[in-house]
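Reading through the structure tokens given below for one structure.
The values are calculated or read from the model by the stated rules, or taken from the named source; none is laboratory data. These numbers were taken from a predicted model, which means no experiment stands behind them. Note that each Cβ is placed from the backbone with ideal geometry, even for glycine, and that neighbours are counted across all protein chains shown.
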Amino acid sequence: MKHLLSVADLTAESATELLDEAERFEQALLGREVKKLPTLRGRTIMTVFFENSTRTRVSFEVAGKWMSADVINVSASSSSVSKGESLRDTAMTLRAAGADALIVRHPASGAAHQIAQWTADQGSTPGSGPAVINAGDGTHEHPTQALLDALTVRQRLGDIAGRRVAIVGDILHSRVARSNAILLATLGAEVVLIAPPTLLPVGVSGWPVRVSHDIDAELPGLDAVLMLRVQAERMNGGFFPSAREYSITYGLSQRRLDLLPEHAVVLHPGPMLRGMEIASSVADSPKTAVLQQVTNGVHVRMAVLFRLLVGSDGGAS
Ligand code: CP
């Protein structure tokens, strides 16, 4: 595997290997006062974020540092992008500066794919460019988010295959929804999208999912429910239903939490809009795995960096 651009490039076997590798890294670090493995010593990782982030950027930085890589963070606002430099020139500059991996977040769907092509096609050794990891491209994909969500479901439920998982909310603007739907289906889960018709993408009939508009009817039959943030920044100033209608019709209230089976787990990729898509009491409930997702995000990103930069089993050993 040279890049991680889409979960569609993963098989059940290769995705499971990444989840297993993430758990090996978790075990390798358990109880250590000094969290430092020599795995990526001498490697240079650059995070290149053209959109804001807390969880993804920080956890990639922690992952790289815990594996002894040199980690450099580039943000659009403090780089020459703010002076008008193009995406291609920025990517080629970072390659020329010695990046072994570029971790890219960009508002344009396909940006990470494009950077992987540009940086692979140049230089003295064709194809020898940096590994590119898609850390969220527009409304398209967020592969490491789906991997960390899958790991969290597996840890909470013991398995993924045969489980019924709902993804609830603003599917239309969500790269998390697409990556999760594809990956969970690849791993054998039954995936249900629960959303108002106005927040479903054209072409959803081609996704490996069932669609519902009735959250109350679905909740008692679910093993896991993934709540999505309503992405107002992608809606040009307004959306239908209104925030209040949305919260009443699709928000995960305490009453709705009580409709879930006892064993079920609630996930949210963050950032959460408390009181909008999820009640504060639900966000803080023991059924909700939000902080476990964040911790798993570090281990999953360690596994991905290891697989791309070293390429074989045994990174945590
Ligand atoms: N889940 C997620 O991508 O969060 P950030 O935007 O904070 O990285």
message: Pairs please, first residue from the range 8-21 and farther than 11 Å from Ile182 by Cα, second anywhere and small (Gly, Ala, Ser) and surrounded by 14 or more Cβ atoms within 10 Å (Cβ to Cβ), Cβ atoms under 6 Å, 6+ apart in sequence or on different chains.
response: Leu18/Ala303; Glu21/Ala303
message: Here is a check on your reading of the model: is Thr56 at pLDDT 95 or above, β-branched (Val, Ile, Thr) and outside any helix (DSSP H, G or I)?
response: no
- prompt: Could you list, in sequence order, the residues of the range 182-218 that are outside any strand (DSSP E or B) and loosely packed, with under 14 Cβ neighbours inside 10 Å?
  reply: Gly188, Pro197, Thr198, Val202, Gly203, Ser205, Gly206, Pro208, Asp214, Asp216, Ala217
query: So which residues in the range 59-108 are within 15 Å of the ligand (Cβ to nearest atom) and not in a strand (DSSP E or B)?
result: Ser59, Phe60, Glu61, Val62, Ala63, Ala76, Pro107
task: Mind counting the residues in the range 112-130 that are away from the ligand (no atom under 16 Å from the Cβ) and either among the small types (Gly, Ala, Ser) or at pLDDT below 95 (or both)?
output: 11
Complete set of residues in the range 131-166 that are within 14 Å of the ligand (Cβ to nearest atom), of a type in the set (Val, Ile, Thr) and farther than 25 Å from Leu40 by Cβ: Thr139
